[in-house]
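See below for the structure under consideration.
The values are calculated or read from the model by the stated rules, or taken from the named source; none is laboratory data. It should be emphasised that the depicted structure is a prediction, and the values quoted were computed from it without experimental measurement. Reconstructed Cβ throughout: ideal geometry from the backbone, glycine too, with neighbour counts over all protein chains shown. The protein model used for the area step is the full one, side chains on, heavy atoms only, and it has no ligands, DNA or RNA in it. Shrake-Rupley method; radii C 1.70, N 1.55, O 1.52, S 1.80 Å.
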Number of protein chains: 2
Amino acid sequence: MDKQISDRVVERLPKYYRYLQELSKNQIQRVSSKTISKALNITASQVRQDLSQFGGFGQTGVGYNVEYLRDIMKEILGINNVHTAIVIGGGRIGQALISYQGFRGENVYIKAVFDVYTEHLKSVKGVEVYNVSELENYLKNNPTDIAIISVQKENAEKMAKRVVDLGVKAIWNFAPIDLYFDGAVCENINMSESLMRLIYKSKV
Amino acid sequence: MDKQISDRVVERLPKYYRYLQELSKNQIQRVSSKTISKALNITASQVRQDLSQFGGFGQTGVGYNVEYLRDIMKEILGINNVHTAIVIGGGRIGQALISYQGFRGENVYIKAVFDVYTEHLKSVKGVEVYNVSELENYLKNNPTDIAIISVQKENAEKMAKRVVDLGVKAIWNFAPIDLYFDGAVCENINMSESLMRLIYKSKV
């Protein structure tokens, strides 16, 4: 698994994992590239090429071993390990992310939320609430893998830089601005861009 | 504007629009491909190639006319027209989307929310609350451009198919499963996939 995996393949990795996970839950033991292809809207030859990169080799007439391939994917993705997260910005989006339990499937646990105003956040259960002024102190004492940025656009870059400077290596950004940093990885969830693409594509 | 625009360019379109919109707000009248390139993390030659497809031609030493290009982008994207939307699934994500006013920038107005249980939704302001059994009736009387799907994974495809069969042409899907339909456009916001990519990239 030493060779570099291209960005396009990385885009598809989680889709394979999620699908294999689902098959496994439904006690399906073998799957063909054709079935994967249909389910994920990826050509069968692309599926075979992608999976061969991860040591997944389907057998003609038998297909891929679902659990084996899923476990490999899980390890490649790194979600077999627990990761800790904090949320910066306790507004609507931040609160929705905290309430949403779905990320435990990826072994990600939100430990704390930071905001300038914290009163409205007192009720959040299982997640500690801090004033943003305590961010430096918190991160010194609680090494954190992922910072989820859900502040206003104007403050997103500043807040992300602050946590990156404090050693956070992964930024999951929900503010409507794309963030990039040297020394940290950013994934930008840009809902407004997605909405624009939807409108564009539905009219062409 | 008759020629087909490639998927990769469509991905970048909203980024250009958003950036030009921001420049325009800050009263900046001209911008070079180099400045756009830096801001959006796209090579300058790619910027020039993309923008030339939309009739945007920068002049050496002068750059692009910000407002002119922004207005073209707005028209190409179709966000100069008002679009109506409904939310299907009034859980945490659905509620966050309803509360979030940011989509008005894209001229998108959420008119109604549908759920099996509607009692907890009574307080949502400006958005009518309906039981999902009223969906057919509602759509007959209120032609709707966009259906926002925020139900459980298990129900996403079924609900999306229901609205597509009733004539909705655009599906904005937040359920953790990719949807594809003939006769409708789907944009899938897959947070869990994004999170997996983030974890993968931060460990390589």
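Annotations
- Taken over segment B:47-163, the ratio of Cα radius of gyration to 2.2 N^0.38 Å equals 1.42.
- For the peptides A:136-146, B:83-93, the ranking by mean Cβ contacts within 10 Å, running from highest to lowest, is B:83-93, A:136-146.
- FRET efficiency, 1/(1 + (r/R0)^6) with R0 60 Å, evaluated for A:R30 and A:K153 via beta carbons: 0.80
- In this assembly of identical copies, the label point of A:E75 (Cα plus 7 Å along Cα-to-Cβ) is separated from its counterparts by 5.7 nm, sorted shortest first.
- Placing a label point 7 Å from Cα along the Cα-to-Cβ direction at B:K203 gives distances to the equivalent points in the other copies of 4.4 nm, listed shortest first.
- Copies compared at A:E134 - label distances in nm, ascending, label defined 7 Å from Cα in the Cβ direction: 4.4
- For chain A, the antiparallel share of DSSP beta bridges with both residues in that region comes to about 15%.
- Per-residue [θ]222 nm for chain A (sum of -39500 (n - 2.57) over DSSP H runs n ≥ 4, rounded to 500): -13500 deg cm²/dmol
- Ordered by solvent-accessible area of protein heavy atoms (1.4 Å probe), largest first, the residues B:Y130, B:Y64 come out as B:Y130, B:Y64.
- The mean number of Cβ atoms from other chains found within 10 Å of a Cβ in peptide B:75-83 is 3, as a whole number.
- Projected area averaged over orientations for segment A:142-192, convex hull of C-alpha atoms, nm²: 3.1
- The value obtained for the protein assembly as shown, namely the Cα convex hull volume divided by the number of residues, is 166 Å³ per residue.
- Cα-based Rg and Dmax for chain B, where Dmax is the largest Cα-Cα distance (Å): 19.7, 61
- Between 0 and 90 degrees, the angle of helix A:7-25 with respect to the longest Cα principal axis of chain A falls at about 80 degrees.
- For the rotational copy pair B/A, the chain B residue whose Cβ lies nearest the symmetry axis, together with its distance in Å, is B:A96, 2.
- Rg/Rh for segment B:7-77, where both radii come from Cα atoms and Rh is the Kirkwood radius: 0.91
- Segment A:17-67, accessible area per residue, ligands and nucleic acids excluded (1.4 Å, Å²): 58
- Approximate spin-label separation B:Q59-A:K203, in nm, with each point projected 7 Å along Cα-to-Cβ: 2.9
- Extended-chain gain in nm, criterion 0.36 nm per residue less alpha-carbon gap, B:F181 and B:S99: 26.7 nm
- Bridge type composition, segment B:83-193 - antiparallel percent by DSSP, nearest 5: 5
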